[in-house]
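*Asks:* Please read through the structure below; I'll follow up with questions.
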Amino acid sequence: MFFLSFLTSWMDWILLILLILVVISAILSVEHPNLMYAVLFLLGLNILLSIIYYLLGAPFVAFFQLFIYAGAIVVFFVITIMLTRGGKWEWR
């Protein structure tokens, strides 16, 4: 298990699991055909990133990631989708 030799503590394992979840959430937020679910995956991505920042010792960055991106920007996207004919992607 040479490729896992850098995982020496429990914090490394938690960060690896969170990073895998970040990649999955980012892919799903871009590729999901329903816009509402894509915004929810974007919200999950921002929450996971704020947890990673906090665990790495940057609580100030984690605070702004959570309250500016996950709070304001995602709410703006949800309101925009609700006011337009959001939902499924339409390719015509």
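Per-residue answers, yes or no, for (1) closer than 27 Å to VAL75 by Cα; (2) among the β-branched types (Val, Ile, Thr):
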position: LEU7; (1), (2): no, no
position: LEU18; (1), (2): yes, no
position: ILE27; (1), (2): yes, yes
position: GLU31; (1), (2): yes, no
position: PHE41; (1), (2): yes, no
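*Asks:* So, one more: Could you give every pair whose Cβ atoms fall below 9 Å, whose first residue belongs to the range 1-23 and is at positive phi, and whose second residue is modelled with pLDDT of 90 or more and assigned to a helix (DSSP H, G or I), counting only separations of at least 6 or pairs across chains?
*Replies:* Filtered contacts from the range 1-23: no entries.
*Asks:* Let me ask something else. Let me spell it out: the conditions are (1) closer than 21 Å to TYR69 by Cβ; (2) exposed (fewer than 15 other Cβ atoms within 10 Å of the Cβ); (3) among the polar types (S, T, N, Q), and SER25 meets all of them except one. Which number is the exception?
*Replies:* (2)
*Asks:* Sticking with this one: Only one residue in PHE60, PHE64, PHE41 is crowded, with 16+ Cβ neighbours inside 10 Å, at pLDDT 90 or above and part of a helix (DSSP H, G or I), so which one is that?
*Replies:* PHE41
The values are calculated or read from the model by the stated rules, or taken from the named source; none is laboratory data. Since the structure is predicted, the reported quantities are computational estimates derived from the model, not experimental observations. So basically every Cβ, Gly included, is an ideal-geometry build from the backbone, and we count neighbours across all protein chains shown.
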